[in-house]
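Engineer: Right, I'll just put the structure down here and ask away after.
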Amino acid sequence: MTVRVQTASFDPGAELNAFLAAGAGAGAAATFTGVVRSRPDDPITTLTLECYPELAINQLTSIVGQATARFGLLAATVIHRYGTLVPGEPIVQVMTLSSHREAAFQGAEFLMDYLKTDAPFWKQETGPNGTRWVEAKAGDDHAKARWE
Amino acid sequence: MTVRVQTASFDPGAELNAFLAAGAGAGAAATFTGVVRSRPDDPITTLTLECYPELAINQLTSIVGQATARFGLLAATVIHRYGTLVPGEPIVQVMTLSSHREAAFQGAEFLMDYLKTDAPFWKQETGPNGTRWVEAKAGDDHAKARWE
Amino acid sequence: MKILYFAWLRERLNRGEEEVSPPPEVTTVADLIDWLANRDEAFAHAVEKRALIRAAVDAKLVPHSASITGARVIALFPPMTGG
Amino acid sequence: MKILYFAWLRERLNRGEEEVSPPPEVTTVADLIDWLANRDEAFAHAVEKRALIRAAVDAKLVPHSASITGARVIALFPPMTGG
């Protein structure tokens, strides 16, 4: 069970390989990678994530613990960046390991749903029209509520 | 949209990085990696996958096309090995790209559920008690049925 | 036409493929399985549970009711266990 | 005790943290927000929609009804948008 909150970039593939190597022979690994996006109709130049690191570590550790117990995961890792990122850069990666694919998928989805609403990160987008805080989405609360 | 059926091994992390690089800025990537497992209570020495490659390519291409249309995926890749593998080796990897995490996860789960029952691979396990064909699981039919 | 067998069906029949020339009244996959079973006791035994036999015609997965007219390659095999 | 502010709450208040010494009758997060709002019009305006303010006491996420007695660090911030 690993939780990392960092300003440094990370390599999604290298993280996946390290995660698989540590859990040799477990059967099923699900990975989610979130990348800074920029759409032609809504271009951004940078995405800045503000973070409260102590609370982030506590919240992510608690969420990973819940997911591990609930889905019987053999391992789970969350990596979350903060600071200023550009489109294409990975922000977040969650990885789950189980002997069954359903548990691996469900664990990863649970982690992402909780992380969106319960981990202290705040996104600010900068684009041609200036800088704005990203608003919390009602959809994210609904996504979390399905696990309750 | 990429489908590969191969006897050669593959590097899960390198595949993920190549997939992310091709879809720069899309937002959400879900990956499932299936690994040959070996449990202490049911050890195996090798897993041999028999394959009908022409049909596998046709079936996987059709399944990936369905997933892409249904979940609005921006990209999807399936890599499936056959031949003789040892515990810890990756058998299968599916990767999906979307602007939304729900679509990426659902696309990857759909691909795995269909692939389990509709792609012409047959698993044979060799362990201390000899060699046996893995039986199809009713659970895999149920997992597929939820998409119908 | 060529018939391909896979997995335990291939093992039980002790062959991965064969060439056959069924008569014209054999028009579907189901007809073909019946016709092959009539010629060969080992085959009849192996396909006793018809629900366990899947089929592809020219590398397309099909139900037993599918036509085999004009087909070049028919594949018969047990339920798939990929992934 | 120390108070931390994040994201647009930090920007609107123009400070990331401050030291405060609330009187003993201020026992919960809700009391603290009211007390801070009474001292400072900018703060009162920024926290007008109380439902948009989240709180942590000593790096634990808590509801507004939570006690702040003995707390060293209280954080106040808008809804989180991670992931």
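Read-outs: derived from the displayed coordinates by stated rules, not from any lab. What you are looking at is a predicted structure, and each value in this text was computed from that prediction instead of being measured. Counting neighbours? That spans all protein chains shown, and the Cβs are built from the backbone with ideal geometry, glycine included.
Engineer: Taking the conditions exactly as written (within 12 Å of chain D (Cβ to nearest Cβ), out of contact with any His (no Cβ under 9 Å at 6 or more places or on another chain) and farther than 20 Å from residue A:30 by Cβ), does residue A:138 satisfy them or not?
Structural biologist: Yes.
Engineer: Does residue A:53 satisfy the condition of being surrounded by fewer than 18 Cβ atoms within 10 Å (Cβ to Cβ), within 15 Å of residue A:123 (Cα to Cα) and either more than 9 Å from every other protein chain (Cβ to nearest Cβ) or not aromatic (Phe, Trp, Tyr) (or both)?
Structural biologist: So residue A:53 fits the description; yes.
Engineer: May I pose another question? Mind counting the residues in segment B:103-135 that are in contact (Cβ under 8 Å) with a residue 60 or more places away in the chain, within 7 Å of another protein chain (Cβ to nearest Cβ) and assigned to a strand (DSSP E or B)?
Structural biologist: 3
Engineer: Still on this structure, I have one more. Conditions first: (1) without any contact (Cβ under 8 Å) to a residue 60 or more places away in the chain; (2) over 28 Å from residue C:5 (Cβ atoms). Residue B:100 passes all but one, so which condition is the exception?
Structural biologist: (1)
Engineer: At least 1 residues that are exposed (fewer than 13 other Cβ atoms within 10 Å of the Cβ) in each: list the helices (runs of 4 or more DSSP H) lying fully within chain C that qualify.
Structural biologist: Answer list for chain C: C:29-39, C:41-46.
Engineer: Still on this structure, please answer the following. For segment C:16-52, what are the residues that are free of Cβ contacts under 8 Å to residues at least 12 places away in the same chain, within 14 Å of another protein chain (Cβ to nearest Cβ) and charged (D, E, K, R)?
Structural biologist: If the condition is that a residue be free of Cβ contacts under 8 Å to residues at least 12 places away in the same chain, within 14 Å of another protein chain (Cβ to nearest Cβ) and charged (D, E, K, R), then C:49 is the only one that fits.
Engineer: Still on this structure, I have one more. Just the residues that are over 29 Å from residue A:52 (Cα atoms) and more than 7 Å from chain B (Cβ to nearest Cβ), please, taken from segment A:23-40.
Structural biologist: Correct list: A:23, A:40.
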